[in-house]
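Below is one structure, written out as structure tokens; comments come after it.
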Amino acid sequence: MSKELVELSNALAQATDRAAGSVVAIHTERRGSSSGIVWRSGVIVTSEHALRRDEDIQVTLPNGRVVPAALAGRDSASDVAVLR
């Protein structure tokens, strides 16, 4: 493997390690599961199309703990939703 490819592979592995601590699983009864990112403490950003306003939302945190979440806002034009 070339030195350049090894460096690229190592950089990707490091970026993945850094990001993994912010990725959560989002579970809803109607739509199933999707993923999201912890933006800051208590705020999760995910896809708007994966959620409905009237359903229970559970989030599996990076440490494995499952917690309830509430839809705080959504924008269908950008397909972004915010959970708290």
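The values are calculated or read from the model by the stated rules, or taken from the named source; none is laboratory data. From a predicted model like this one, the values you see are computed outputs, not experimental measurements. Cβ coordinates were reconstructed from backbone atoms using ideal geometry, including for glycine residues, and neighbour counts include every protein chain displayed. Please note that ligands, DNA and RNA were not included when accessible areas were found on the heavy atoms of the full protein model with its side chains. Shrake-Rupley method; radii C 1.70, N 1.55, O 1.52, S 1.80 Å.
Overview of values
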{"read-out": "Test for Ala15: is it more than 15 Å from Ala69 (Cβ to Cβ) and hydrophobic (A, V, I, L, M, F, W, C)", "value": "yes"}
{"read-out": "Matching residues in segment 53-83 - criterion: being of a type in the set (Asp, Glu) and touching a residue at least 12 places away in the same chain (Cβ under 8 Å)", "value": "Glu55, Asp56, Asp75, Asp79"}
{"read-out": "Those residues of segment 8-48 which are open to solvent by less than 50 Å² (accessible area, probe 1.4 Å) and of a type in the set (Asp, Glu), in sequence order", "value": "Glu48"}
{"read-out": "Residue within segment 63-84 that is touching a Pro at 6+ places or on another chain (Cβ under 8 Å), part of a strand (DSSP E or B), surrounded by 14 or more Cβ atoms within 10 Å (Cβ to Cβ) and aliphatic (A, V, I, L, M) present", "value": "no"}
{"read-out": "Extreme residue, nearest to the chain's Cα centre (by Cα), among residues of segment 1-43 that are of a type in the set (Val, Ile, Thr) and under 12 Å from Ile57 (Cα atoms)", "value": "Ile26"}
{"read-out": "Extreme residue, most open to solvent (accessible area, probe 1.4 Å), among residues of segment 50-62 that are over 24 Å from Asp17 (Cβ atoms) and modelled with pLDDT of 90 or more", "value": "Asp56"}
